[in-house]
């Protein structure tokens, strides 16, 4: 046993651990869980807790293994934590009373020689140091107590079941920064669920534990202690020392009688005086906290994978919905369906009146049609046919966009992350879709005319008829686009259009050749379908933009390593560095058994 306040025993070297921990912190901090999934909320809480533990405890403790051992005193509301701390340091350093919560901001008590270490802010850097009491939720009151031996400090934490949310969160944060957790409970509340949840958490993190059982009636000491030990054993906490604090009165300063606190003071005095014991506790708690990182980070990695999987699923659902809509539009274009309405009627007028043939014979047809249009007030059949084609295609495109929006929003509504992202606007096509569809069809019609003009460049017959013949031929090609047999009418098409359709095809074939007509129709159809697919892709983009906006990696399917893989790699690096550092080897350190305690009951107020 070393002398009181002497240096801690040499600690194993851990040169690679700080760098590995900082890289893990970066990986945890850089991983988001924005999509509404069952695993997301827990992952955000766990991630924040791990970052807090890295900043508050692991990194500063690893940097100074010889720093004073920090005992965090935690427990339920009214358990008597502050009274016990005051009694152990023999000074009224933490407020007590019947009003709850009593401990509004944590109080850290240390020997004057150790105060500088805690004032520097390396440990719990997010808390502002103060010299006096405060209600500030982010403050840490530092108090020097000469009666406390060097090498040991007590931190009186807020209630773990405080009615104030911020106090409960701070209590959990402080417990995660403990080298040793002194848990204070009472004979009436030792079996409550909340304390045991935290005890199990401390065990999983490898935190060293001691337990003070307060306000125990003398006649029930044996029974309650035996039951408590059974509960500890059932939770694999057999080695936790238990200190019994009987019902008693407090003195004028609110301190417990010395006979009551003597066992705890002697036990902590022994720990403070033994540098090797302190070092063993620190190293074992530190090693336990480091070893607990891997499973916790693995859970974060799985949640990160869930995010990417959900984003991919939502993306696939949208693309599938709009691909199906595009295939429906493609089928409607190719199966002759669009010839069974106004387009077919206008085509029949265009062919039946002889306008097609006049257009191809001479320019006089253009003049004749202009005169007819002026005299009758009716558009020429060619103009009517072009308008009918445009109207049919716009209707088709709007229907496909509506089908895609319906299917996509239904698919997203069935997914928790998709349902959270949905907005009313997504259930219908974009507000400007009609204008975009009309522009698409007009642009396509111009492209068809350009194709005809390019194909007719070396055809002397069409060259002589110039633009008017090109327009008429372009209309014939547009109609050919809607025939599944590339302008060879079958079935209803023949019955409706009659021989004039076939005759028109023969004229075109005589000018361009059979294969050229097929090529023109196929190329025009491909161009139309490509434009429709592009427009529907833009409509799908409204959904995909929402996925991009949440901030997940854009290359979901790319070769880049995902956040889950980065988390696993960082945790594996920490584990290798931990093993190499040899913070804890051999048989786990066991805290000394409790010393014989006073169990007699003193009359008066309950502590």
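What residue, among those in the range 125-147 that are in contact with a helix residue (DSSP H, G or I) (Cβ under 8 Å, 6 or more places away or on another chain) and farther than 17 Å from residue 85 by Cβ, is modelled with the highest pLDDT?
129
Within the range 413-450, track down each residue that is free of Cβ contacts under 8 Å to residues at least 40 places away in the same chain, closer than 30 Å to residue 474 by Cα and touching a helix residue (DSSP H, G or I) at 6+ places or on another chain (Cβ under 8 Å).
449, the sole residue that qualifies.
I'd like to check something: does the range 295-312 contain any residue that is under 30 Å from residue 531 (Cα atoms) and buried (at least 16 other Cβ atoms within 10 Å of the Cβ)? Even if it seems obvious, please write down each step before you answer.
If we filter the range 295-312 for residues that are under 30 Å from residue 531 (Cα atoms), which is where we start, we get 310-312.
Next, only the ones that are buried (at least 16 other Cβ atoms within 10 Å of the Cβ) stay: 310-311.
Yes, the conditions are met somewhere in the range 295-312.
Going residue by residue through the range 237-255, is there one that turns out to be part of a helix (DSSP H, G or I), modelled with pLDDT of 90 or more and over 24 Å from residue 172 (Cα atoms)?
Looking through the range 237-255, none of the residues is part of a helix (DSSP H, G or I), modelled with pLDDT of 90 or more and over 24 Å from residue 172 (Cα atoms).
Name the single residue that is surrounded by the fewest Cβ atoms within 10 Å (Cβ to Cβ) among those in the range 212-233 being in contact with a strand residue (DSSP E or B) (Cβ under 7 Å, 6 or more places away or on another chain) and touching a residue at least 60 places away in the same chain (Cβ under 8 Å).
218
Going through the range 175-198 one residue at a time, which ones are in contact with a helix residue (DSSP H, G or I) (Cβ under 8 Å, 6 or more places away or on another chain) and assigned to a helix (DSSP H, G or I)?
175, 196, 198
Looking at this structure, is residue 503 in contact with a helix residue (DSSP H, G or I) (Cβ under 8 Å, 6 or more places away or on another chain), assigned by TED's automatic domain parsing to the domain that holds residue 399 and at pLDDT 65 or above?
Details: in contact with a helix residue (DSSP H, G or I) (Cβ under 8 Å, 6 or more places away or on another chain): yes; assigned by TED's automatic domain parsing to the domain that holds residue 399: yes; at pLDDT 65 or above: no.
Spelling it out, it is not the case that residue 503 is in contact with a helix residue (DSSP H, G or I) (Cβ under 8 Å, 6 or more places away or on another chain), assigned by TED's automatic domain parsing to the domain that holds residue 399 and at pLDDT 65 or above.
So in the range 35-89, with the set limited to residues that are over 37 Å from the mean Cα position of the chain (by Cα) and closer than 22 Å to residue 165 by Cα, which one is surrounded by the fewest Cβ atoms within 10 Å (Cβ to Cβ)?
For the range 35-89, the residue satisfying everything is 78.
So if I check each of 110, 94, which one is in contact with a strand residue (DSSP E or B) (Cβ under 6 Å, 6 or more places away or on another chain) and either under 19 Å from residue 211 (Cα atoms) or at pLDDT 90 or above (or both)?
110
Can you pull out the residues in the range 69-90 that are touching a strand residue (DSSP E or B) at 6+ places or on another chain (Cβ under 8 Å) and assigned to a loop (DSSP other than H, G, I, E, B)?
Let us first name the residues in the range 69-90 that are touching a strand residue (DSSP E or B) at 6+ places or on another chain (Cβ under 8 Å), namely 69-76, 78-82, 84-85, 88-89.
Answer for the range 69-90, where residues must be touching a strand residue (DSSP E or B) at 6+ places or on another chain (Cβ under 8 Å) and assigned to a loop (DSSP other than H, G, I, E, B): 76, 78, 79, 80.
The values are calculated or read from the model by the stated rules, or taken from the named source; none is laboratory data. This is a predicted model, so every value here is computed, not measured. Positions of Cβ are backbone-derived with ideal geometry, glycine not excepted, and every protein chain shown enters the neighbour counts.
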